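Heads up: the structure comes next, in structure tokens.
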């Protein structure tokens with residue numbers, strides 16, 4: 001390799017390395033700062049107190065959806081592994097909104113209640129036919145029964 | 001040592017050799033892209049079963065995901081070509097880098113539009129500023145910046161080298177787009193297809209996706225070769241090999 005190319009190569013690699021380090025630092029810094037959402041347990045731990053409006057993310061608790069009979073008002077509970085938070089929303093919900101679905105609600109805290117101005121449904125990265133899902137659910141339920149039977153046996 | 005690979009690449013980097021090579025390969029790439037694309041569309045839109053939670057709406061995945069892969073793949077390739085162009089000043093590398101930019105920009109644009117349509121149906125919003133969507137938008141702006149910079153110079157080679165610099169620096173955005181769904185909490189879901197570990201998609205749905213991936217790659221090759229050939233003719237106009245081709249065209 002001749003000296004000119006050698007010099008260019010060193011220069012280009014040095015600049016590229018500098019840019020990569022800068023980008024890595026920015027990404028690292030934003031990691032703490034760029035939270036798209038807070039989970040109910042984070043909110044209850046006081047992590048979101050700096051924000052007037054923020055996004056709350058979690059699963060819709062089974063059996064918690066209550067629709068108002070005379071308006072578009074809906075109340076439901078969003079849960080994560082360690083917390084639960086009641087949410088109130090007036091408006092049209094996305095098609096995917098249902099029990100046990102991940103949702104992201106934008107809004108503010110009103111006492112212990114979260115008043116949402118927008119509710120988005122999040123879906124996971126799993127794609128499969130309905131029959132397969134049903135079969136898996138059945139197999140899973142079967143396993144549950146087996147496990148509980150085993151537990152019963154152990155208790156006996 | 002396999003000495004013939006660098007030797008062959010060296011020969012290929014000569015404009016007349018690449019011009020002929022690309023001319024021979026291009027029709028095959030177009031044909032393959034068309035056939036595979038149609039097969040993938042039929043497989044994805046007709047044969048694949050509806051999804052358990054998204055019903056038929058998920059079928060936009062067969063356009064969205066291959067285009068998103070291409071937007072990253074082309075950027076990575078453009079970055080490598082830009083690197084070679086900057087260090088070794090090989091004319092073909094400059095041409096490949098600059099010819100890739102509009103194709104990559106088109107794929108990025110399609111990714112954003114189809115993602116927006118999908119998001120409206122599933123998430124309930126056209127757009128949200130989460131890390132994946134934002135970094136993909138930055139990718140589009142990087143492509144547009146490269147194209148604009150290239151065309152803002154009177155001398156095309158000067159423009160190509162300057163734009164190559166931007167292309168090279170922008171390459172840091174590629175891993176950010178890819179890993180954004182792991183690094184941050186995002187509305188966008190994580191990766192379905194994984195090179196390491198099992199993919200989370202049924203086999204009846206994955207084959208049209210992978211077929212479309214190959215089809216988009218073939219389209220890229222075809223489009224790139226067409227653009228690169230035209231650029232090479234313009235850059236080398238006045239050289240003997242171009243004059244011969246021009247005379248051949250006139251005689252016909």
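The values are calculated or read from the model by the stated rules, or taken from the named source; none is laboratory data. Given the structure is predicted, the values throughout are model-derived calculations rather than measurements. All Cβ positions, glycine included, derive from the backbone under ideal geometry; neighbour counts span all protein chains shown.
Residues checked against (1) touching a helix residue (DSSP H, G or I) at 6+ places or on another chain (Cβ under 6 Å); (2) away from every other protein chain (no Cβ under 14 Å); (3) surrounded by 12 or more Cβ atoms within 10 Å (Cβ to Cβ):
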site: A:44; (1), (2), (3): no, yes, yes
site: A:48; (1), (2), (3): no, no, yes
site: A:56; (1), (2), (3): no, no, yes
site: A:84; (1), (2), (3): yes, yes, yes
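Is it true that residue B:83 is facing chain A (nearest Cβ under 10 Å) and surrounded by fewer than 22 Cβ atoms within 10 Å (Cβ to Cβ)?
In short, yes.
Name the residues in region A:117-141 that are surrounded by 14 or more Cβ atoms within 10 Å (Cβ to Cβ), assigned to a strand (DSSP E or B) and either over 14 Å from the mean Cα position of the chain (by Cα) or touching a residue at least 40 places away in the same chain (Cβ under 8 Å) (or both), would you?
Answer for region A:117-141, where residues must be surrounded by 14 or more Cβ atoms within 10 Å (Cβ to Cβ), assigned to a strand (DSSP E or B) and either over 14 Å from the mean Cα position of the chain (by Cα) or touching a residue at least 40 places away in the same chain (Cβ under 8 Å) (or both): A:118, A:127, A:129.
Looking at (1) buried (at least 20 other Cβ atoms within 10 Å of the Cβ); (2) not in a helix (DSSP H, G or I), can you tell me which one residue B:108 breaks?
If we test residue B:108 against (1) buried (at least 20 other Cβ atoms within 10 Å of the Cβ); (2) not in a helix (DSSP H, G or I), just (2) comes out false.
Return the residues of region B:227-248 that are farther than 13 Å from residue B:18 by Cβ and not in a helix (DSSP H, G or I); say none if nothing qualifies.
B:237, B:238, B:239
Taking the condition of being in a helix (DSSP H, G or I) and in contact (Cβ under 8 Å) with a residue 40 or more places away in the chain, how many residues in region B:13-23 meet it?
6
Out of region B:150-198, which residues are touching a helix residue (DSSP H, G or I) at 6+ places or on another chain (Cβ under 6 Å), part of a helix (DSSP H, G or I) and more than 26 Å from residue B:68 (Cβ to Cβ)?
Residues satisfying the conditions are B:159, B:160, B:162.
Out of A:97, A:114, report the one residue that is modelled with pLDDT of 85 or more, surrounded by 17 or more Cβ atoms within 10 Å (Cβ to Cβ) and within 10 Å of chain B (Cβ to nearest Cβ).
That would be A:97, the only listed residue that is modelled with pLDDT of 85 or more, surrounded by 17 or more Cβ atoms within 10 Å (Cβ to Cβ) and within 10 Å of chain B (Cβ to nearest Cβ).
For region B:187-213, give me each residue that is within 10 Å of chain A (Cβ to nearest Cβ) and either over 23 Å from the mean Cα position of the chain (by Cα) or more than 22 Å from residue A:103 (Cα to Cα) (or both).
Across region B:187-213, the qualifying residues are B:187, B:193, B:194, B:199, B:200, B:201, B:202, B:203, B:204, B:205, B:206, B:209.
Can you tell me which residue within region B:44-80, out of those that are without any contact (Cβ under 8 Å) to a residue 40 or more places away in the chain, away from chain A (no Cβ under 12 Å) and in contact with a helix residue (DSSP H, G or I) (Cβ under 8 Å, 6 or more places away or on another chain), is farthest from residue B:165 (Cα to Cα)?
Of everything passing the filter in region B:44-80, B:45 is farthest from residue B:165 (Cα to Cα).
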